[in-house]
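Working notes, structure below.
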Amino acid sequence: MLGTGTLANDSIALQLKLLKGRGFVLTNGEFGNRLIKQAIRANLSFDTYEREMGRPFLYNEIEELAEKQLEHTLGSLLYFIIIL
């Protein structure tokens, strides 16, 4: 596929919509915030894990959130959009 990064992100969001799962968007800056907006436009079902601009993600917090979400989804697919 040829196009912009925005086109690529929109394409991925639409593919994730086919999974019928619930996801996380991890963000610690402008790029992640833009992905949240794209996920909303794609009508994805997701939660966010947000850190201040430039702050590192904390693995144990992500793991905790994922475990809680899996308990509530009864084994449904869980996907992540990770911003590095």
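Every number here is computed from the coordinates shown, using simple stated rules; none is lab data. This is a predicted model, so every value here is computed, not measured. When we count neighbours, we look across all protein chains shown, and the Cβ atoms used for this are built from the backbone with ideal geometry, even at glycine.
3J(HN,Hα) couplings calculated from phi for the stretch 7-15 with the Karplus curve 6.51 cos²θ - 1.76 cosθ + 1.60 (θ = phi - 60°) are, in sequence order, 4, 4, 5, 4, 5, 5, 4, 5, 5 Hz; Gly and Pro show x.
Rounded to whole numbers, the Karplus 3J(HN,Hα) couplings from phi for the stretch 36-45 are 4, 4, 5, 5, 5, 4, 7, 6, 6, 8 Hz, using 6.51 cos²θ - 1.76 cosθ + 1.60 with θ = phi - 60°, and x at Gly and Pro.
Quick one: net charge around Phe57, please, counting Lys, Arg +1 and Asp, Glu -1 for every other residue with C-beta under 12 Å from its C-beta. Taking every Cβ under 12 Å from that of Phe57, the sum is -2.
Database remark: amide H of Val25 closer than 5 angstrom to the amide H of Asp47, Thr48, Tyr49, Ile81 (H placed geometrically; neighbours at sequence offset of 5 or more, or on other chains; Pro and chain starts carry no H).
What number, in percent, do you get for the relative contact order of the stretch 1-51 if the mean sequence gap of Cα pairs under 8 Å and at least 6 apart is divided by its residue count?
Reported as a whole number, the value is 44 percent.
Other residues with beta-carbon under 13 Å from the beta-carbon of Ala13 carry, at +1 per Lys or Arg and -1 per Asp or Glu, a net charge of +3.
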